[in-house]
């Protein structure tokens with residue numbers, strides 16, 4: 001049985017400290033400030049909305065730029081005004097003003113994003129501003145009160161970010177659960193991926209649970225080891241680890257129409273197999289867990305070490321070796337700069353270049369002054385989280401939306417997309433301008449947003465310019481015993497081959513076999529076209545719920561942690577709806593599911609990633625965009641608040 005967690009502040013968030021710093025100490029801290037959230041946080045903190053000066057309001061079109069697009073003079077004025085405000089706040093005893101009214105909060109919010117109408121976002125922001133550990137997304141029900149005497153058990157597949165989140169919410173609702181994970185530890189992708197340079201490309205405040213915020217991140221973008229420790233700490237602090245069965249792989253799951261239960265067949269590390277019975281199953285295996293190897297002739301014939309970036313072989317010494325890296329996606333572009341100074345010769349095989357975006361602080365530690373502000377200014381961290389949400393999310397969605405009136409092409413899909421292209425091209429040209437031999441090969445020929453973009457602080461250009469690094473863009477013909485033979489017959493000899501070729505993102509829930517109502521098998525029903533309602537529910541499969549399911553991936557818009565929090569709330573709502581009605585199971589109606597997926601397909605066709613013909617892991621083998629969410633983040637939050645009873649059938 002799970003232990004119901006008490007409603008208490010999160011241990012990840014320290015109490016905000018009183019300000020005792022001198023004027024000069026505050027001034028020095030403000031030199032390190034993130035500018036965009038500063039005045040909104042102070043207006044919220046003090047109740048003084050006069051700090052929201054019109055001349056210091058960001059331009060919404062430039063909001064994603066450094067300093068929210070404000071000039072150096074404007075940024076200096078923001079810091080000066082913040083200094084005056086914080087000194088008054090300190091001298092008044094560091095006493096926060098009462099929470100603002102909805103009208104005042106709306107005024108603060110619209111200033112934050114440059115005047116964009118934001119009334120629909122008010123409830124969402126109120127959740128985000130639940131600082132000091134308040135958890136406004138916790139389930140508002142308890143199993144023993146909702147369905148007294150009912151024994152309802154949930155099996156969660158995966159102990160990564162989504163699996164731990166599901167366990168925590170079930171625990172809060174008093175629902176018994178068990179987690180099974182094929183790995184020997186928690187963390188999912190952050191346990192499996194240990195390649196050099198592995199780190200998140202989402203700012204820490206956005207890539208962390210809303211209820212487990214911490215203000216002492218060491219970097220702006222956490223490294224793999226930091227995130228792994230974070231999820232380990234979550235498992236321990238919330239008492240989840242004791243419910244996890246590690247080194248346990250799910251082979252299959254079968255639904256019983258008679259018992260209304262799932263029988264989940266697992267294999268332990270010692271090879272023994274067992275069947276676990278549960279009332280509901282939550283798949284929290286994600287999309288990026290099955291490495292994809294390239295379909296290249298002779299791939300198994302290479303005599304030396306060869307491995308995928310997601311299965312990094314740390315026993316292989318790369319020092320002084322001739323190394324080939326196939327692929328220039330996100331993982332490859334993180335590991336290549338790390339190994340380039342170590343190896344003897346490095347050849348990078350690129351099929352399609354990625355758009356790289358300037359992120360000067362990508363590898364930087366968080367400055368002491370910024371840490372001080374997080375610790376002493378209530379709501380500053382939360383407003384920073386919201387600024388990231390807007391800059392990377394709904395505020396940027398228009399940049400990758402097709403405008404039919406513009407005449408979309410493989411260059412750009414709208415005027416805004418073309419401006420985005422020009423800015424990114426300008427950056428790439430500045431980085432590679434002194435290497436005319438490289439420049440034509442590093443500027444993409446497809447619209448920005450069509451493939452996953454890569455953050456860069458200049459390290460990519462510095463790496464490709466190294467004397468011991470060569471970029472190869474011709475087509476590979478075959479892999480041989482000694483190395484790689486190109487399509488034109490040229491032979492390259494290598495000591496090590498590393499595959500940075502991504503994952504089988506479209507093969508959801510593989511390699512498990514999942515059998516639903518009436519004996520239908522999930523992958524046979526999908527026929528290569530994985531679909532789910534809101535990425536969560538599939539018709540014919542009662543009480544089977546997915547997280548990071550079909551069409552819940554984000555491109556430039558948001559954090560998967562946010563999506564998982566929304567999805568888990570929806571799942572808890574579905575369980576509540578079934579048990580609260582005296583039933584045992586719940587299933588989405590097929591017409592609801594089908595109508596939703598038609599809307600998703602139509603909307604994806606109007607996005608850069610759906611319009612462009614460039615190859616991408618966003619698409620499955622048939623060319624359908626099976627991964628991406630094409631609507632706003634707000635819409636997913638709204639649609640997952642509470643299930644509509646009319647959209648589901650109850651069983652039992």
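Just so it is clear, none of the values below were taken in a lab; they were calculated from the coordinates. Just so we're clear, the structure is a prediction, and the values are computed from it rather than from any experiment. Quick reminder, even Gly has a Cβ in these numbers, built from the backbone with ideal geometry, and neighbours come from all protein chains shown.
Observations on the structure shown:
- For the pair residue 242 and residue 17, label points projected 7 Å from Cα toward Cβ lie 3.4 nm apart.
- For 65, 333, 416, order by how many other beta-carbon atoms lie within 10 Å, fewest first: 65, 416, 333
- Modelled label reach - residue 650, point 7 Å along Cα→Cβ, segment 128-168 residues with backbone N closer than 14 Å: 146-148
- Taking a ≥ b ≥ c as the square roots of the eigenvalues of the Cα gyration tensor, an a/c ratio of 1.5 or more together with a/b no larger than b/c marks segment 532-614 as oblate.
- For segment 395-467, the Kirkwood estimate of hydrodynamic radius, built from reciprocal distances between every pair of different alpha carbons, is 13.3 Å.
- FRET efficiency for residue 411 and residue 470, using Cβ-Cβ distance with R0 set to 22 Å, rounded to 0.05: 0.15
- Fewest-first sequence of 409, 352, 50 by Cβ atoms within 10 Å of each Cβ: 50, 409, 352
- In segment 340-495, Rg over Rh equals 1.07, where Rg is the alpha-carbon radius of gyration and Rh the Kirkwood radius from pairwise Cα distances.
- Oblate is the label for segment 64-120, because the ratio a/c of its alpha-carbon gyration tensor axes (a ≥ b ≥ c) is 1.5 or higher and a/b is not greater than b/c.
- The Cα center of segment 358-411 and the Cα center of segment 80-112 differ in position by 22 Å.
- Cα-Cα pairs of segment 521-571 separated by more than 18 Å (percent): 31
- Only DSSP H runs of four or more residues enter the estimate; each adds -39500 (n - 2.57), and after division by the residues of the chain the mean residue ellipticity at 222 nm equals -9000 deg cm²/dmol.
- Separation of segment 473-548 from segment 566-639 is 20 Å, based on Cα centroids.
- For segment 214-262, the share of alpha carbon pairs falling in successive 10 Å distance bins from zero is 19, 29, 25, 17, 9, 1 percent.
- Taking the inverse of the mean 1/r over every pair of distinct Cα atoms in segment 166-317 gives a Kirkwood hydrodynamic radius of 18.2 Å.
- A convex hull fitted to the Cα coordinates of segment 108-184 yields 149 cubic angstrom per residue.
- Fewest-first ordering of 533, 636, 499 by other beta carbons within 10 Å of each residue's beta carbon gives 636, 499, 533.
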